[in-house]
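Please read the structure below before turning to the comments.
Computed from the coordinates by the stated procedures, all read-outs in this text should not be read as laboratory data. Treat the numbers as computed from the prediction; the structure is a model and nothing was measured. Methodologically, a virtual Cβ is constructed for each residue, glycine included, from the backbone with ideal geometry; neighbour enumeration extends over all protein chains shown.
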Amino acid sequence: MYFLIRPFRMLLKAVLGEAKAGQLALGFAFGLWIGMLPKGNLTAIVLGVIMASTRANLGIATATILLTSLGATLLDPVFDAVGGFLLSHPALQSLWTELYNMPVMPWTGFNNSIVLGSFLIGLAVVFPCYHYTKPWFKKYSEVAGKWARRYWLTRLLMGVEWADRLTVSG
């Protein structure tokens, strides 16, 4: 039961101000980048592992991945144009051939124009997204935390952790 509630608790901890603004901004930036990518390739998995190994807030990251994934399909023509341009560029043909002949590289999906385009656009967006959302999280996470603490559902979800620890340790 704890594993089903944990993502909601992580998001609540982020809203309640228990995470630092840098962690929230990093989670948002990683979530945006991973949310843009198609999920059936090694690239998305590696980025998820990198995100999980940093101090990024996983609750914000998960929510951002879900929301971005819903809207990313609308940007597929843009991703396809960027990736298609790079994949068909004559000067890069030998690079793509060389990469595709490496043992693991075909699993990354970089031979797909949408994967390559979304990866590069996401990479270009990560730092500006982090840089511009950090002050926003610093300013508004405290206000959102005060608002969320008023509701019984918040107190209930935050109390689940203590109840779970008591039953596991007892």
Open item on the list: Could you tell me the calculated FRET efficiency between Y140 and A81, based on Cβ-Cβ distance and R0 = 35 angstrom, to the nearest 0.05?
Closed with: 0.50
- [ ] Return the distance in nm (one decimal) between the two label points of a simple spin-label model at S53 and L66, each offset 7 Å from Cα along Cα→Cβ.
- [x] 2.7 nm
Task: K39 versus Y132: modelled label distance in nm, points set 7 Å from Cα along the beta carbon direction - done: 2.7 nm
